[in-house]
1. How much length is gained on full extension from V41 to T69, taking 0.36 nm per residue of separation minus their Cα-Cα distance?
2. Taking the highest mean first, how do the peptides 34-44, 107-117, 82-92 order by number of other beta carbon atoms within 10 angstrom per residue?
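Every number here is computed from the coordinates shown, using simple stated rules; none is lab data. Every value quoted in this text rests on a predicted model; they were computed, and no experiment measured them. Quick reminder, even Gly has a Cβ in these numbers, built from the backbone with ideal geometry, and neighbours come from all protein chains shown.
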Amino acid sequence: MAETIYTQGTLYPSAISNLILDILYTGAWVDLITADEFEGVRRSDTLAVHPGWKTSTAFIGDRKQWTATGPAADGIITNDRCLFEFDDYDEIVGAIYTGVPSGDDGILFWLHLGLNWKAQPGEIYQLRWRFTVP
């Protein structure tokens, strides 16, 4: 069974949140940021140039596709395909969201920090996105 990790953000009001979630997270791709050599993020970071962080190589396969199970509701959008199965040890501090399955020619849509996974070989993590609407 995969451990589910929720990332969080805030948008207003819920109807707008749901619309934005439906648009932004349909067909996005997710990668993970490793703590190894992590120095921080910069406003100028792109998918191709990001000197303060690097993506993890400790999970099996490439970026994982973010595919929603249905439209957003109550400011929450979920998916069932964003599973990361680790075959090596790594400490994960964040995630990136992009429109391309691999490479660095795409756009870096979103970068989320605050994850604190100490992944071990054989573990599986499912990343889900949760927006809270105050």
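1. So the chain would gain 7.0 nm between V41 and T69.
2. 82-92, 107-117, 34-44
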